[in-house]
1. Taking the range 27-57 as the region of interest, how many residues are surrounded by 20 or more Cβ atoms within 10 Å (Cβ to Cβ), charged (D, E, K, R) and part of a helix (DSSP H, G or I)?
2. Tally up the residues in the range 85-99 that are out of contact with any Phe, Trp or Tyr (no Cβ under 9 Å at 6 or more places or on another chain) and not in a strand (DSSP E or B), please.
3. Going through the range 171-183 one residue at a time, which ones are under 14 Å from the mean Cα position of the chain (by Cα), assigned to a helix (DSSP H, G or I) and surrounded by fewer than 23 Cβ atoms within 10 Å (Cβ to Cβ)?
4. Would you please name the residue that is nearest to ASN163 (Cα to Cα), looking only at residues in the range 104-114 that are in contact with a strand residue (DSSP E or B) (Cβ under 9 Å, 6 or more places away or on another chain) and either among the small types (Gly, Ala, Ser) or assigned to a loop (DSSP other than H, G, I, E, B) (or both)?
5. Looking at the range 115-144, which of the residues that are assigned to a helix (DSSP H, G or I) and touching a His at 6+ places or on another chain (Cβ under 9 Å) is farthest from HIS103 (Cα to Cα)?
6. So GLN72 ticks every box in (1) of a type in the set (S, T, N, Q); (2) modelled with pLDDT of 95 or more; (3) within 30 Å of LYS265 (Cβ to Cβ) but one. Which box is left unticked?
7. If you check every pair at least six apart or on different chains, which have Cβ atoms under 6 Å apart with a residue in the range 88-112 that is touching a residue at least 60 places away in the same chain (Cβ under 8 Å) first and a residue that is assigned to a helix (DSSP H, G or I) second?
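The values are calculated or read from the model by the stated rules, or taken from the named source; none is laboratory data. In this text the structure is predicted, and so the values were computed from the model without any measurement. Heads up, the Cβs are rebuilt from the backbone with ideal geometry, glycines too, and the neighbour counts pull from every protein chain shown.
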Amino acid sequence: MAVSVRFVALLGCVVFVVIAWCLRDTFDSGVLEGKKVLITGGSSGIGEELAIQYCKFGATVILIARREQQLQRVVSKCNKIKANQAVYIVADLSSLEEAKKVHSKTLELVSNIDILILNHVAQFSKNWVINNDLSKVPGHFAVNTISYINLATLFLPQLKKSNGSIIVVSSLAGTTGFAKETCYSATKHALHGFFNSLRQDLILSGHNKISITMCVLGPIDTPGKNHFKNHEKMYWYPANECALAIVKGGALKLRQMYYPYMLMKFSEFGFFYFPELFETIAQVYTYDISLPSAMYRYFRLT
């Protein structure tokens, strides 16, 4: 019995040390000084907070979005941190022509880029069995997936020169499945497939210094939360803290970063090993079903 207690205590210490090692902060803000950072979806939410964070660390930001007034507002905030640190390009990234325009205009504004952050999104949160408008599917993939591929491919020559970084803002819906996120989740899953494969292609082509960071995010307090029916009942994590975590993850060249870290890691693990249970928990969290109904259904399924 004493041996068992000592073993459990030792195992607990080992687990604690491993977790502490994984959570240690080795971020050096100096590596971002003077970097040129392109941020899509930069007119609000996470994109806006990313722009502010990078400007605080001395980087120059190029913001991309459709809404010019919102872009001007964010650029004004950034340039109050330091003059002439932020510029913007108005673009609708749903077409290849617009992506090419962004590429050429960016190179007119700055000679090269060091960090490409793909953050824009078209949200669709409805039950696909009830709201399955097939005419909208190409548009969602055009914005959420194909435009990411277009921009990453167009900027590859510049990223090769700078040994730069690609940061892809995704979510837990990109590694698992969620009710009422059918089309959205499909577009995010496709991103993980493409960029995790692109990373290997870069290595095989001798460009292993270009990093790709996939960002697995939880519920973040942005204007996009209004797409959720019960958003006022749910807890949403601060966008500025999320943005800082993304900045750090990209600077550290992580393959995959999580925010909030423990919740997303635990959820990813749970969805993989206990899918029925965690799908039920997710539906309760989003208030799609009540806890008693969820438990009744879960135990019937198992």
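1. The number of residues fulfilling the criteria is 2.
2. Residues that pass the stated criteria total 8.
3. Matches in the range 171-183: LEU172, ALA173.
4. Step one: of the range 104-114, the residues in contact with a strand residue (DSSP E or B) (Cβ under 9 Å, 6 or more places away or on another chain) are 105-106, 109-114.
From what's left, either among the small types (Gly, Ala, Ser) or assigned to a loop (DSSP other than H, G, I, E, B) (or both): 110-114.
Working: VAL110: 16, SER111: 14, ASN112: 11, ILE113: 10, ASP114: 7 Å.
If we take residues in the range 104-114 being in contact with a strand residue (DSSP E or B) (Cβ under 9 Å, 6 or more places away or on another chain) and either among the small types (Gly, Ala, Ser) or assigned to a loop (DSSP other than H, G, I, E, B) (or both), then ASP114 is nearest to ASN163 (Cα to Cα).
5. First pass over the range 115-144, keeping only residues assigned to a helix (DSSP H, G or I): 134-144.
From what's left, touching a His at 6+ places or on another chain (Cβ under 9 Å): 143-144.
Numbers: VAL143: 16, ASN144: 18 Å.
Among those residues, the one meeting the criterion is ASN144.
6. (3)
7. ASN112/GLN158; ASN112/LYS161; ASN112/SER162
Quick grid of which residues meet (1) within 14 Å of ALA152 (Cα to Cα); (2) touching an Asp or Glu at 6+ places or on another chain (Cβ under 7 Å):
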{"position": "VAL87", "(1), (2)": "no, no"}
{"position": "ASP92", "(1), (2)": "no, yes"}
{"position": "LEU96", "(1), (2)": "yes, no"}
{"position": "LYS100", "(1), (2)": "yes, no"}
{"position": "THR106", "(1), (2)": "yes, no"}
{"position": "LEU109", "(1), (2)": "no, no"}
{"position": "ILE113", "(1), (2)": "yes, no"}
{"position": "LEU116", "(1), (2)": "yes, no"}
{"position": "ASN131", "(1), (2)": "no, no"}
